[in-house]
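Encoded as structure tokens, the structure appears first; notes follow it.
The values are calculated or read from the model by the stated rules, or taken from the named source; none is laboratory data. Fair warning: this is a prediction, and the values are worked out from it, not measured in the lab. Quick reminder, even Gly has a Cβ in these numbers, built from the backbone with ideal geometry, and neighbours come from all protein chains shown.
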Amino acid sequence: WDIIISDISMPGYSGIEILKQIKTHAPNTPVLMLSMYPPEQYAVRAIKAGASGYLTKEIAPYELVTAVQQILR
């Protein structure tokens with residue numbers, strides 16, 4: 001994949017733990033984390049775990065597109 005977009009909260013799984021697994025198996029694949037939680041709550045943890053970016057689900061669609069484009073550069 002060119003990029004993985006994942007949620008921070010999934011049924012039965014921690015998005016941070018899934019992120020760590022992704023980075024173990026595909027360390028060069030960028031991962032953009034989405035969440036309903038404010039950045040203060042999870043953004044730093046996600047970035048430290050290897051995420052290339054963190055966005056809340058309240059963002060406008062063009063912000064998501066812009067974030068993906070920036071990550072892929």
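Counting residues in region 58-66 that are loosely packed, with under 11 Cβ neighbours inside 10 Å, outside any helix (DSSP H, G or I) and of a type in the set (D, E, K, R) gives one or more. Screening residue 69 with (1) assigned to a helix (DSSP H, G or I); (2) touching a residue at least 12 places away in the same chain (Cβ under 8 Å) gives one miss only, at (2). Take the conditions surrounded by 13 or more Cβ atoms within 10 Å (Cβ to Cβ), at pLDDT 95 or above and out of contact with any Ser or Thr (no Cβ under 8 Å at 6 or more places or on another chain) and apply them to residue 51. Does it pass? In short, yes.
Being of a type outside the set (Gly, Ala, Ser) and in contact with a helix residue (DSSP H, G or I) (Cβ under 8 Å, 6 or more places away or on another chain): is that true of residue 16 here? So residue 16 fits the description; yes. Counting only residues that are in contact with a Ser or Thr (Cβ under 9 Å, 6 or more places away or on another chain), outside any strand (DSSP E or B) and not charged (D, E, K, R), region 1-28 holds 7 of them.
Residue-by-condition table, conditions (1) surrounded by fewer than 14 Cβ atoms within 10 Å (Cβ to Cβ); (2) within 19 Å of residue 64 (Cα to Cα); (3) not aromatic (Phe, Trp, Tyr):
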{"site": "3", "(1), (2), (3)": "no, yes, yes"}
{"site": "6", "(1), (2), (3)": "no, yes, yes"}
{"site": "12", "(1), (2), (3)": "yes, no, yes"}
{"site": "16", "(1), (2), (3)": "no, no, yes"}
{"site": "24", "(1), (2), (3)": "yes, no, yes"}
{"site": "30", "(1), (2), (3)": "no, yes, yes"}
{"site": "33", "(1), (2), (3)": "no, yes, yes"}
